[in-house]
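Asker: Pasting a structure here, questions to come.
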Amino acid sequence: MINGSLARRYSQALFEIASETSLDSIDSDLRELTKLVEENAEVKGVLLHPHISLSVKKSIMEKLLGEDFGEVTRRFFYLLIDRKRENLLPLIQREFSRLADEARQVVEAKVASAIELSTTQLDDLKKSIKRMTGKDVRIISEVRAELIGGILVQVGDRVMDGTIAHALNRMRVELRRNSEKPQEVGVK
């Protein structure tokens, strides 16, 4: 709870700076930085280790970041290290991206399907979601074989479940409900 509110405050502050400078590049840098830290166990271990000094953490990150990241993102990350808040980076990145998307009128749609969707299917889905929301759409697609068929779409807090697994589950619940009711026997 506390981490969430801290992450919101940090991301809001960064968003205000990014709005004045370059929102897209800072959003991209923050995504890449989070990916770098989250996907590399050694880097994450060093950053979160309580006995490694702040200056050592910064020098290691300076070497890793190189020239690939902008000055604003770099300074912001060093501020997180100074305040011992580097563990909040994924939460801050998620909230920052949400704020940036809101400012750009972009909505994120998470799409899960049993098989890989073609680009035509994804484009059609993107158009449908754009009509529904009135915003540009960024689709994050994943394959989940347990869905059997169909698609599961999540836009914000709305979920549209058109999967076969969901339909079978609904059918199972309905059959159980009907089997618990007393049945009339005989012919009238």
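The values are calculated or read from the model by the stated rules, or taken from the named source; none is laboratory data. Just so it is clear, the structure is predicted and the values come from calculations on it, not from any experiment. Note that we place each Cβ from the backbone using ideal geometry, even for glycine, and neighbour counts take in every protein chain shown. For accessibility, only protein heavy atoms count, side chains too; no ligands or nucleic acids. Shrake-Rupley method; radii C 1.70, N 1.55, O 1.52, S 1.80 Å.
Asker: Starting from 0.36 nm per residue, how many nanometres of slack lie between GLU71 and LYS110 once their C-alpha separation is accounted for?
Answerer: Details: separation 39, 0.36 × 39 = 14.04 nm, distance 3.13 nm.
Contour length minus the Cα-Cα distance gives 10.9 nm.
Asker: Right, something else. So who's got an amide H within less than 5 Å of the one on VAL137, skipping anything under 5 residues away but keeping other chains? H placed 1.01 Å off N, in plane.
Answerer: Distant-sequence amide H within range of VAL137: VAL107.
Asker: Percent of accessible area on the chain owned by carbon and sulfur, 1.4 Å probe?
Answerer: Numbers: 6590 of 12400 Å².
That fraction is 53 percent.
Asker: Just to verify a number: what accessible area does MET132 come out at with the full protein assembly present, 1.4 Å probe, Å² rounded to tens?
Answerer: Probe radius 1.4 Å; accessible area of MET132 about 80 Å².
Asker: Of GLU86, GLU180, GLU62, GLU71, which has the most accessible area and how do the rest follow, probe 1.4 Å?
Answerer: In descending accessible area the options line up as GLU180, GLU71, GLU62, GLU86.
Asker: I'd like the Karplus ³J(HN,Hα) series for the range 148-156: coefficients 6.51, -1.76, 1.60, θ = phi - 60°, whole numbers in Hz, and an x wherever there's a Gly or Pro.
Answerer: For the range 148-156, the Karplus-derived couplings read 6, x, x, 9, 10, 10, 10, 10, x Hz, x marking Gly and Pro.
Asker: Now a separate question. Just to verify a number: what accessible area does ILE2 come out at with the full protein assembly present, 1.4 Å probe, Å² rounded to tens?
Answerer: 120 Å²
Asker: Starting from the Cα-Cα distance between GLU180 and LYS130, subtract it from 0.36 nm times their residue separation and give me the gain in nm to one decimal.
Answerer: That pair, GLU180 and LYS130, stretches by 13.7 nm at full extension.
Asker: Distance check, please: which entries in LYS58/LYS84; LYS35/LYS126; LYS35/LYS127 exceed 22 angstrom between their Cα atoms?
Answerer: Working: LYS58/LYS84 12 Å; LYS35/LYS126 25 Å; LYS35/LYS127 29 Å.
From LYS58/LYS84; LYS35/LYS126; LYS35/LYS127, over 22 Å: LYS35/LYS126; LYS35/LYS127.
Asker: Can you sort LYS57, LYS110, LYS84, LYS135 by solvent-accessible area, 1.4 Å probe, largest first?
Answerer: Details: LYS57 10, LYS110 100, LYS84 140, LYS135 65 Å².
Sorted descending by solvent-accessible area, the residues read LYS84, LYS110, LYS135, LYS57.
Asker: Let me ask something else. First check a/c for the range 1-76, with a ≥ b ≥ c the square roots of the eigenvalues of its C-alpha gyration tensor; if it is under 1.5, answer rounded, and if not, answer prolate when a/b is larger than b/c or oblate otherwise. Numbers along the way, then the final one.
Answerer: Working: a/c = 1.92, a/b = 1.31, b/c = 1.47.
Judged from the Cα gyration tensor, the range 1-76 comes out oblate (a/c at least 1.5, b/c at or above a/b).
Asker: Sorting THR119, THR73, THR133 by accessible area (1.4 Å probe), largest first, what list results? Write down the numbers at each step before the final one.
Answerer: On the way: THR119 105, THR73 5, THR133 50 Å².
Correct descending sequence by accessible area is THR119, THR133, THR73.
Asker: Which Cα, out of ILE52, ILE164, LEU89, lies furthest along the positive dipole direction of the chain (beta carbon charges, K/R +1, D/E -1)?
Answerer: ILE164
Asker: Another one. Going 7 Å from the Cα of ALA165 toward and past its Cβ, which residues in the range 126-147 have a backbone nitrogen under 11 Å from where you end up?
Answerer: Flagged as within label range: 143-147.
Asker: Leaving out ligands and nucleic acids, note down the accessible area per residue over the range 79-188 with a 1.4 angstrom probe, in whole Å². Spell out each step's value before the answer.
Answerer: Working: 7580 Å² over 110 residues.
So the range 79-188 comes to 69 Å² accessible per residue, rounded to a whole number.
Asker: Would you kindly find the accessible area of ASP157, with a 1.4 Å probe and non-protein molecules such as ligands, DNA and RNA excluded, rounding to the nearest 10 Å²?
Answerer: 140 Å²
Asker: So, one more: Keeping every protein chain present and rolling a 1.4 Å probe, give me the accessible area per residue for the range 1-70 in Å². Working shown, then result.
Answerer: On the way: 4420 Å² over 70 residues.
Dividing the accessible area of the range 1-70 by its residue count gives 63 Å².
Asker: Still on this structure, I have one more. In Å and on Cα atoms, what radius of gyration and Dmax does the chain show?
Answerer: 23.1, 88
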